[in-house]
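Below is one structure, written out as structure tokens; comments come after it.
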Amino acid sequence: MASNGQIRLFVSEGNPQCLKVLAALEETGVQCGVQCVNHEERVVPFLSRPALPALLLPSGLHIFSSNAICQYLFEVKGQESNQLCNQWLEWEATELQPALLQALHMAVVQGKSSDVFNILQASLNYLDQGLSKQSLPYLTGEAISVADVVLSAALYPFLSDSSLALGEYKSLKAWFDHVAARHSFQSAAQKVLQGKGLQGMKSYMQRQPLPQSSVCRDSQPTNNGTPAECDEGERMVSEEEMEAAALTWCKGLNSSPLVKERQHPILPQEDKKNILVTSALPYVNNVPHLGNIIGCVLSADVFSRYGRLRGWNLLYVCGTDEYGTATENKAREEGLTPQQICDKYHAVHASIYKWFQIDFDFFGRTTTEKQTEIAQDIFWRLNKHGFLVEDTVEQLRCESCQRFLADRFVEGICPFCNYAEARGDQCDKCGRLINAVELREPQCKVCRQTPNIRSSKHLFLDLPKLETQLEQWLDKSTSTGDWTANAKQITRSWLRDGLKPRCITRDLHWGTPVPHPDFKEKVFYVWFDAPIGYLSITANYTDQWQKWWKNPHQVELYNFMAKDNVPFHSVVFPCSLLGAQDNYTLVNHLVATEYLNYEDTKFSKSRGVGVFGDMAKDTGIPSDVWRFYLLYVRPEGQDSAFSWADMALKNNSELLNNLGNFINRAGMFVTRFFEGCVPAMELLQEDKKLLAMVSWELQQYIQLMDKVRIRDGLKHILNISRHGNQYIQVNEPWKKIKGGETDRQRAGTVTGVSVNIACLLSVMLSPYMPTVSQTIRDQLNAPQSCISTMFQGTGTFVCSLSAGHRIGTVSPLFQKLEVDQIEALKKRFGGQQPEDEPPKKKVLSNLCVCVCARWCCCVK
Amino acid sequence: MALRELSSLEKYLELKKPNKYSTQGDKKVPVLQSNNGAPQVGLVTIACYLVKEAKRSELLGNSAESRAVVQQWLEYRVTRLNGCAKDDVKTILKELNLYLQDITYLAGKQFTLADILMYYGIHPLIVDLTVLEKEQHVNVTRWFDHIQHYPGIRRHLPPVAVLRNRIYTSGH
């Protein structure tokens, strides 16, 4: 996507590797756009861990090695690195870096600066010897080279700190002082360390995996995909952090501003952060499965709930996508009209989402007058600006039914394997894709007559003509917004393959009519029509819908979907809107999940495998627990799987034994030992340390949630209750309450701090488990203002239940899931197909296997 | 191990006289004592030196961009693959698999020294993979198979059987 020949450099603050490249950039003066991003930003799509700095070359390739970036910059400037240079760079990467990382970890994270010299000694020795052997000012000669820049930048954090005595390394000291005094170094160091020296790298270092040579086992959170199991080990908490946390704690609750009650219609406001959230429109003719729910509506719901609590002015819309072949088919199957089918299944969808507590501001549908109005308007605008072209398509037509047959309305003999019941788009036996006109002995599925091949005129959206405009917009949107890595990657591969004109009309009845007189009797193809549903659904919510959809300067748009829907939201639909030239709001943040599998196989309605939305409530497991588990295994960054055994395990170990246990104990101590009133708290150092740890987790949570890393956010909630349990376990308030005055006071402090952490947990849980969250606050009788207070800024952990506050009645929050209960459920949803099912029916129900795959099929 | 790699590389480059190597330190970093001047230290450094001696500098990339890419993967080879822990193996295979999904060689369309050294370095990992794991990392396996059949590369290493699957286009 870096098409315009520009080089782009991505750096992050406090990252020591970035010092090298920024110094090299200053030194060489190469023209290059520099962008500062978050440490966690995954700029290089193929690497498992975020790697910064990274250089995006005009060809689209990424360079993620800081040394290679420096070499490149020097070479562009005309200084190719020589053999000796290469040797120093290799030494830097293989010998010096591991030692430096370990030393930084010691000094910055663990606060043991005294060990630094021992770790670095061998490397410093080697470098000093290398320098003193040759009496040259620089490593490779009379002039500064890439090796000097890389090595001195690598050492800069330590050597510029006077505490490390370089007395005996005379050559090293002279060389370093000489290089580091250069303007390029001063400027780069200021950018990266912000004048804070080693401490400037703290937040970066805390996110790095432990260096290999240190004692802890490697805890890199890469492959198992579940958040809470990978603890980051003991994080060191500094004195300042403890004092800061204690200070914040004392501030208490805000008197204002409360999160206001929502007032419909919600419209963008001048001085607010205006967020528009959409979730991919579920296709009406089927019941959504758990994968559909987590991929779209539930993820968008958690983010919307979070955003509202953050005080953003947010609108969340969704609805059922109702037009198209599959609906016509289903109608025929059930002996109803398409409209009746849509009414029936729209209600089914709405009730499922209601049970899952999906808090839409509006849940609409696409078969409305507004849809026709807006789709036709966009169509005429595209037509007016010359983005529509005509072409002829060969299609099968059934004369007895008087209509053209969509691929799925034809059956015949497979031209490849001779299977007799091949469908018009694909053969069920050999799996090959088929062009309907290639079928031998084709039959109309409805009347069994033989259709004829007829050519039919269609309209195409001229994507190649819009490509440049699209790329310019994409460049901006993907670099400033939070696009998931898969979304960027899929989009890039579509552009790389080049865009082709796409047909936007179909010979069907059930659809938005094409208004053009030459194309009467035709309707819009779903991929063109369905995303316009976002606009029309908003228009059915408020007649001021244009304030959301034609207002890119005030509105930020988030699209949630599973990854198969990405191209329609990143390429095709934006092209429709760009071509229409009416100042439309285009997507800023495209959030796509990977796939959720069912017990290591796929969800399949036709095989009866998996849990579908309407069945979840029949399991007797509460909606909040379903939400928790689905979000816990949210396919964020990689595919994941739903498993009954794992669900039971996570319910019992995380919800019951960790989170629920902590909150319940904290509340019970207040009730039993202090007559239901929060006791007075005298904070000791140990308590302040806990406050600091909890505050840190809260801040991580806020950072991640702002970036829509929903699964990762959950991990930090569970970390807090783990800290809390440990705190109670160590301090044993149930014993101390029976002791002397000091002991009893201690029991009071520990109980008071714990119950306040429980209150914080209820706030953080709110987007994930709304019912449980409210139950906790009811039990604690917590003031509603605690939510807005704790969610403000970067996260503020205050004492919201002060001494003397009376709590309500405390009771357990979660129930254990027993093994036999889970086994029974597993059997029930396992996918044994009834033996006597007639094969005919199977093929029919195959037509609607997967809701989210639909837009996909339409383009193939 | 590094020394056998270097001697295989020499043969591939058709260098007439084999060089004498020694090693230094616990990690057995290779050292080349040349006649003229200072010793060359490090696998990448020596390999680049050999390539230049053989006047095959196109193997280091033929533009500033591709030279940077080649250097980056050479560095990846010696920092990530050398002495990697068991836990890292999965990560490395996953990263390479993703990276190689739409290119032929590490530097794109052009065969370079990065492919040679990465092949030598990853060979012990690939040997240990089960059939299923090879299928999971189909891009790495494809690239690996291609390099091991590249004329003159395999040398000291046993060939690894790579299962060939018919790949269907996945239509919903």
Projected label distance in nm at A:Cys250 and A:Cys36, using a 7 Å step from Cα toward the beta-carbon:
3.2 nm
Determine the total buried accessible area between chain B and chain A, counting protein heavy atoms only with a 1.4 Å probe; round to the nearest 100 Å².
3600 Å²
Per residue of A:624-635, how many C-beta atoms from partner chains lie within 10 Å of its own C-beta, taken as a mean?
0
Please give me the summed charge of the neighbours of A:Pro513: other residues whose Cβ is under 9 Å from its Cβ, Lys and Arg +1, Asp and Glu -1.
+1
Calculate the dipole size of chain A relative to its Cα centre from +1 charges on Lys and Arg beta carbons and -1 charges on Asp and Glu beta carbons; express the result in debye to the nearest 20.
1300 debye
Helix A:146-159 against the longest principal axis of chain A: what's the angle in degrees, Cα atoms only, rounded to the nearest 10?
60 degrees
Using the charge dipole of the stretch B:2-148 (Lys, Arg: +1 at Cβ; Asp, Glu: -1 at Cβ; taken about the Cα centre), state which of B:Gln40, B:Val127, B:Gln101 has its Cα farthest towards the positive end.
B:Gln40
Just want the answer: with Cβ charges of +1 for Lys and Arg and -1 for Asp and Glu, which residue in A:Ile63, A:Tyr169, A:Leu459 is farthest toward the dipole's positive end in the protein assembly as shown?
A:Leu459
Within the stretch A:663-696, which residues have the backbone N less than 19 Å from the label spot 7 Å out from A:Arg806 along Cα→beta-carbon, could you tell me?
A:667-680
Measuring with a 1.4 Å probe in the full set of protein chains, what accessible area per residue, in whole Å², belongs to the stretch B:2-148?
45 Å²
What's the magnitude of the charge dipole for the stretch B:2-148 around its Cα centre, counting Lys and Arg as +1 and Asp and Glu as -1 at the beta-carbon? Answer in Debye, nearest 20.
500 debye
Using label points projected 7 Å from each Cα along Cα→Cβ, tell me how many nm separate A:Arg440 and B:Lys109, to one decimal.
4.1 nm
Nearest-ten-degree value, helix A:16-28 long axis tilted from longest Cα axis of chain A
90 degrees
Given springs between every Cα pair under 10 Å in a Gaussian network model of chain B, which of B:Leu113, B:Leu15, B:Leu132 has the largest fluctuation?
B:Leu132
Do you know which residues of the stretch B:92-106 lose at least 50 square angstrom of accessible area in the protein assembly compared with their chain on its own, with a 1.4 angstrom probe?
B:Lys94, B:Glu95, B:Leu98, B:Tyr99
How are the C-alpha pair distances of chain B spread across 5 Å bins, as whole percents from the shortest bin up?
1, 8, 17, 20, 21, 15, 10, 5, 2, 1, 1, 0, 0
Looking at the stretch A:72-86, which residues lose a minimum of 10 Å² of accessible area between their chain alone and all protein chains in place, measuring with a 1.4 Å probe and not counting ligands or nucleic acids?
A:Tyr72, A:Glu75, A:Glu80, A:Gln83, A:Asn86
Integer Hz, Karplus 6.51/-1.76/1.60 couplings in order for the stretch A:450-459, x for Gly and Pro
8, x, 9, 7, 10, 9, 9, 7, 9, 9
At R0 = 35 Å the Cβ-Cβ FRET efficiency linking A:Ser135 and A:Ser238, nearest 0.05, sits at 0.20
Answer with one residue from A:Val116, A:Pro16, A:Gly795: the one whose Cα lies farthest towards the positive end of the charge dipole of chain A, charges on Cβ with Lys, Arg +1 and Asp, Glu -1.
A:Gly795
Could you check the spin-label model distance between A:Asp161 and A:His553? Points 7 Å from the Cα along Cα→Cβ, value in nm.
4.8 nm
Let me confirm one metric for peptide B:61-69, namely the mean number of other chain beta-carbon atoms within 10 Å of its residues' beta-carbons.
6
If the viscosity is 0.692 mPa s and the temperature 37 °C, what Stokes-Einstein diffusion coefficient in µm²/s follows for the stretch A:28-81 when Rh is the Kirkwood radius over Cα pairs?
273 µm²/s
If the stretch A:489-596 were replaced by its equivalent ellipsoid, with semi-axes equal to the square roots of 5 times the Cα gyration tensor eigenvalues, what would those be, largest first, whole Å?
23, 21, 14
For A:Asp177 and A:Val389, calculate 0.36 nm times their separation in residues minus their Cα-Cα distance, and state this gained length in nm to one decimal.
69.6 nm
In straight Cα distance, which lysines are under 29 Å from A:Lys736, not counting same-chain residues fewer than 8 positions off?
A:Lys251, A:Lys688, A:Lys689
Which angle between 0 and 90 degrees, to the nearest 10, do you get for helix A:183-193 versus the longest principal axis of chain A when only C-alpha atoms count?
70 degrees
Starting from the residue with the highest accessible area, list B:Ser8, A:Ser493 in decreasing order, probe 1.4 Å.
A:Ser493, B:Ser8
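Tally up the carbon and sulfur contribution to the accessible surface of the stretch B:2-148 as a whole percent, 1.4 Å probe, everything protein left in place. The partial results should precede the final answer.
Details: 3380 of 6640 Å².
Of the solvent-accessible surface of the stretch B:2-148, carbon and sulfur hold 51 percent.
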Using the structure shown, select from A:Lys330/A:Lys520; A:Lys112/A:Lys738; A:Lys617/A:Lys650; A:Lys330/A:Lys429; A:Lys384/A:Lys550; A:Lys133/A:Lys196 the pairs with a Cα to Cα distance greater than 29 angstrom.
A:Lys112/A:Lys738; A:Lys133/A:Lys196
Can you give the Rg to Rh ratio of the protein assembly as shown, both from alpha-carbon atoms, with Rh computed by the Kirkwood formula?
0.99
Solvent-accessible area, 1.4 Å probe, carbon plus sulfur percent, for chain A:
49 percent
Treat every Asp and Glu Cβ in the stretch A:20-112 as -1 and every Lys and Arg Cβ as +1, leave all other atoms uncharged, and give the resulting dipole magnitude about the Cα centre to the nearest 20 debye.
260 debye
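Per residue, how much accessible area does the stretch A:365-409 have with a 1.4 Å probe, in Å²?
Using a 1.4 Å probe on heavy atoms only, each residue of the stretch A:365-409 averages 47 Å².
The values are calculated or read from the model by the stated rules, or taken from the named source; none is laboratory data. Treat the numbers as computed from the prediction; the structure is a model and nothing was measured. So basically every Cβ, Gly included, is an ideal-geometry build from the backbone, and we count neighbours across all protein chains shown. Only protein heavy atoms, including side chains, enter the accessible area calculation; ligands, DNA and RNA are left aside. Shrake-Rupley method; radii C 1.70, N 1.55, O 1.52, S 1.80 Å.
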